[in-house]
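Peer 1: Got a structure for you, questions after.
The values are calculated or read from the model by the stated rules, or taken from the named source; none is laboratory data. Keep in mind that this is a model prediction, so the values were computed, not measured. Reconstructed Cβ throughout: ideal geometry from the backbone, glycine too, with neighbour counts over all protein chains shown.
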Amino acid sequence: MVKTIEITNEAKRIANLGIGVDQDGAYGTQCVDLINYSSVKFFGKAIWGNAIDLLNSAAALGYKVEYNEVGNLDSKPRAGAVFVMDTTNIYGHSYGHTGIVIEDSDGYTMKTIEQNVDGNADALYVGGPARYMERNFDGIVGWFYFPVDDNEVVEENSDLISLPEVRTYTVGVEKLNIRNAPSLDAEIVGTYEQGEEFDYMAFCNANGYEWLSYISNSGVRRYVASMDLETFETHGTWRKK
């Protein structure tokens, strides 16, 4: 099952690269494209409409929808929520705006990743890349949640979490070490060079890094650091095999 951290980490990867995603191939990297990309990538479901339509679209797909109760500090989105904003009085258009919440909100502000927020004059036609943002609740209509399974919480030094399918990782840095344990102090038993690929079916967070894990041909479990959890700097990209 998909975890919240997988969705937020993928959004962070895109933002850290300074790029955007154009899921529908129209009008460039619009804000809704990041949401549709996440929905298709992790759950195989395309979401329809402009940003202002997403709560209805999400409900139709069976995603959990919550509406913003103005003035109620208990009405606040958690990490992984997709917010929907009415932009009529804020930006002067009725398309709405959306993004992914990356930390539990305190009820006053939201830390998010959003596309198309650079303010370029042609934004409605070409969009803009994913950016880290922090905003208040002005214009926020509500939010929805993807159907994640967070019963097994990913924590520092947590046990391995198995993935439902084999994934392939492509190394994006000069070299990544292969180790016998999820630690930079563990023995190095090999390396992957930039552009090389390997398959994995489990991951964990330990000692400041996200580690991808697999069983080698010799029957020994191996670990490769794929992300720095302090800076969220990624060391490559993954895809379903």
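Peer 1: Condition check: under 29 Å from residue 2 (Cα atoms) and surrounded by fewer than 22 Cβ atoms within 10 Å (Cβ to Cβ). Does residue 101 satisfy that?
Peer 2: Numbers: under 29 Å from residue 2 (Cα atoms): yes; surrounded by fewer than 22 Cβ atoms within 10 Å (Cβ to Cβ): no.
Spelling it out, it is not the case that residue 101 is under 29 Å from residue 2 (Cα atoms) and surrounded by fewer than 22 Cβ atoms within 10 Å (Cβ to Cβ).
Peer 1: For region 157-169, does any single residue satisfy the condition of being at positive phi and either in contact with a strand residue (DSSP E or B) (Cβ under 9 Å, 6 or more places away or on another chain) or in the same structural domain as residue 58 (by TED's automatic domain parsing) (or both)?
Peer 2: Among the residues of region 157-169, at least one is at positive phi and either in contact with a strand residue (DSSP E or B) (Cβ under 9 Å, 6 or more places away or on another chain) or in the same structural domain as residue 58 (by TED's automatic domain parsing) (or both), which makes the answer yes.
Peer 1: So how many residues does region 176-228 have that are among the small types (Gly, Ala, Ser) and within 26 Å of residue 11 (Cα to Cα)?
Peer 2: Residues in region 176-228 being among the small types (Gly, Ala, Ser) and within 26 Å of residue 11 (Cα to Cα): 8 in total.
Peer 1: Can you give me the number of residues within region 3-51 that are part of a helix (DSSP H, G or I), of a type in the set (Val, Ile, Thr) and either buried (at least 20 other Cβ atoms within 10 Å of the Cβ) or touching a residue at least 40 places away in the same chain (Cβ under 8 Å) (or both)?
Peer 2: 7
Peer 1: One residue is enough: does region 103-111 have a residue meeting the conditions of a type in the set (A, V, I, L, M, F, W, C) and in contact with a Gly (Cβ under 6 Å, 6 or more places away or on another chain)?
Peer 2: Within region 103-111 (the criterion being of a type in the set (A, V, I, L, M, F, W, C) and in contact with a Gly (Cβ under 6 Å, 6 or more places away or on another chain)), the answer is no, since none of the residues qualifies.
Peer 1: Kindly establish whether residue 141 is over 19 Å from the mean Cα position of the chain (by Cα) and of a type in the set (A, V, I, L, M, F, W, C).
Peer 2: Criteria met by residue 141.
Peer 1: Residues that are among the hydrophobic types (A, V, I, L, M, F, W, C): which strands (runs of 3 or more DSSP E) entirely in region 52-162 hold 3 or more of them? Break it down stepwise before answering.
Peer 2: Numbers: elements: 64-67, 82-85, 97-101, 110-115, 130-135, 140-145.
Qualifying strands (runs of 3 or more DSSP E): 82-85, 140-145.
Peer 1: Next up: Please go through region 124-142 and give me each residue that is closer than 17 Å to residue 96 by Cβ, among the β-branched types (Val, Ile, Thr) and surrounded by fewer than 19 Cβ atoms within 10 Å (Cβ to Cβ), ordered by number.
Peer 2: 141, the sole residue that qualifies.
Peer 1: If you don't mind, another one. Test of understanding: among 168, 87, which residue is within 29 Å of residue 235 (Cβ to Cβ), surrounded by 11 or more Cβ atoms within 10 Å (Cβ to Cβ) and at pLDDT 95 or above?
Peer 2: Among 168, 87, only 168 is within 29 Å of residue 235 (Cβ to Cβ), surrounded by 11 or more Cβ atoms within 10 Å (Cβ to Cβ) and at pLDDT 95 or above.
Peer 1: Name the residues in region 110-123 that are surrounded by 14 or more Cβ atoms within 10 Å (Cβ to Cβ) and either within 21 Å of residue 69 (Cα to Cα) or out of contact with any helix residue (DSSP H, G or I) (no Cβ under 9 Å at 6 or more places or on another chain) (or both), would you?
Peer 2: 110, 111, 112, 123
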